[in-house]
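First comes the structure, then the notes that go with it.
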Amino acid sequence: MRPDSLKTRIFLDGADPAETRQVLDALGFLDGQTTNPSLLAKNPEAAAHKAPGHKFSKTAIYDFYKDLCRTLSGMLPEGSISIEVYADADTTAEAMVTQAREFDAWIPNAHIKLPTTRAGLAAARLLTAEGRRVNMTLVFSQAQAAAVYGATRGAKRGAVFLSPVVGRLDDRGENGMEFIANVLRLYGQSDHHVEVLTASVRSMGHFLCALALGSDIITAPAGLLLQWAADGLPVPGPDYAYDAAGLTGIPYEPLSLDKPWTDYAIDHDLTRTGMEKFSKDWNSLIDMDA
């Protein structure tokens with residue numbers, strides 16, 4: 001069961017309901033689940049559609065995704081289910097909004113995942129104004145975090161998640177956990193309508209450090225959450241020592257959160273490559289000629 005000292009909400013990062021059940025049974029609780037096209041492509045049933053002659057049609061893949069999200073929503077009715085729009089470099093804000101409105105109607109507890117780009121932020125601004133919930137993903141800079149705050153200003157707490165992607169920063173030798181600390185510090189004097197969701201958690205060190213830092217939410221793969229359960233669900237205090245050996249520090253930037261969101265320099269190469277990977281994995285499941 002949930003430790004009394006645990007303040008952070010725990011999400012599963014995955015798209016397989018069998019994993020959701022396994023983690024629920026092991027932890028005794030689960031606060032939500034995040035999905036994306038790459039995780040969907042790893043779903044055992046979806047993966048079978050990668051073979052030629054067995055691929056989804058352009059409409060059938062959405063039916064599959066909808067059924068999956070409804071299953072997850074039924075398993076976690078009090079939690080949040082993040083559903084990601086299809087977005088490549090050419091996807092407009094209007095196209096993202098159209099997808100988001102459709103996805104939001106699938107289940108009552110959706111957060112719509114949008115890339116943290118100009119188009120994604122424009123979509124988020126409109127969607128939150130409509131009272132919808134969003135999860136801004138592929139976040140790699142404090143400027144992006146500040147822009148998300150500005151674009152969604154006026155939203156209620158719980159309506160906006162910000163997903164800094166720790167593992168991909170680590171992959172190129174930068175200390176992703178220091179980035180989490182920087183974003184939490186940046187938001188420290190805010191109205192807290194944006195909640196920090198630590199994502200791309202690759203190790204127990206990542207997970208425990210995010211707990212110690214006080215991340216609002218952590219999403220982690222099933223294997224890591226099962227290991228946490230096997231270890232007795234430890235919750236470290238603020239004195240937890242994270243081993244960042246071999247990683248370059250990321251300095252804090254004292255940005256103002258009062259500027260218009262369009263004033264921030266948000267372009268980031270990792271956001272672009274992340275979108276390319278997601279769109280490639282999504283398209284790998286589809287018969288483009290059907």
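Between S190 and D171, what length in nm is gained on full extension when 0.36 nm per residue of separation is reduced by their alpha carbon distance?
Working: separation 19, 0.36 × 19 = 6.84 nm, distance 3.02 nm.
Gain in length upon complete extension: 3.8 nm.
Accessible area per residue for the stretch 1-93 is 46 Å², calculated with a 1.4 Å probe on protein heavy atoms, without ligands, DNA or RNA.
When you count, for each residue, the other Cβ atoms within 10 Å and take the mean per peptide, how do 227-233, 201-207 rank with the highest first? Kindly include the intermediate steps, with their values, before the conclusion.
Working: 227-233: 13.7, 201-207: 19.3.
The densest-packed peptide leads the list: 201-207, 227-233.
Surface composition of the chain: carbon plus sulfur atoms hold 51% of the accessible area, using a 1.4 angstrom probe and ignoring ligands, DNA and RNA. Within the full protein context, the accessible area of K280 is estimated at about 150 Å² for a probe radius of 1.4 Å.
Here the stretch 203-278 and the stretch 78-105 have alpha carbon centers that stand 23 Å from each other.
Which label belongs to the value computed from this structure, given these candidates for semi-axes √(5λ) of the Cα gyration tensor in Å: (i) 27, 24, 18; (ii) 32, 24, 17; (iii) 32, 21, 17? Read-out from the structure maps to (i). The phi torsions of the stretch 216-233, fed into the Karplus equation with coefficients 6.51, -1.76 and 1.60 and a -60° offset, translate into couplings of 4, 9, 10, 10, 9, x, 4, x, 6, 5, 5, 5, 4, 5, 5, 7, x, 6 Hz, rounded to whole numbers, with Gly and Pro shown as x.
With every protein chain left in place, what is the accessible area per residue of the stretch 165-228 in square angstrom, probe 1.4 Å? Kindly include the intermediate steps, with their values, before the conclusion.
Values: 1940 Å² over 64 residues.
Here the residues of the stretch 165-228 average 30 Å² of exposed surface.
Applying 1/(1 + (r/R0)^6) with R0 = 25 Å to the Cβ-Cβ distance of S256 and T92 gives a FRET efficiency near 0.30. The peptide list 218-225, 238-245, 37-44, put in order of mean Cβ contacts within 10 Å with the highest first, becomes 218-225, 37-44, 238-245. Taking each DSSP H run with n ≥ 4 as -39500 (n - 2.57) and averaging over every residue of the chain yields -12500 deg cm²/dmol at 222 nm.
Amide H to amide H, with H built 1.01 Å from N, S82 comes under 5 Å of Q33, T34, T35, H111, counting only residues 5 or more places away or on other chains.
The values are calculated or read from the model by the stated rules, or taken from the named source; none is laboratory data. All values derive from a computational prediction rather than experimental measurement. Cβ coordinates were reconstructed from backbone atoms using ideal geometry, including for glycine residues, and neighbour counts include every protein chain displayed. These accessible areas exclude ligands, DNA and RNA; they are computed on the full protein's heavy atoms, side chains included. Shrake-Rupley method; radii C 1.70, N 1.55, O 1.52, S 1.80 Å.
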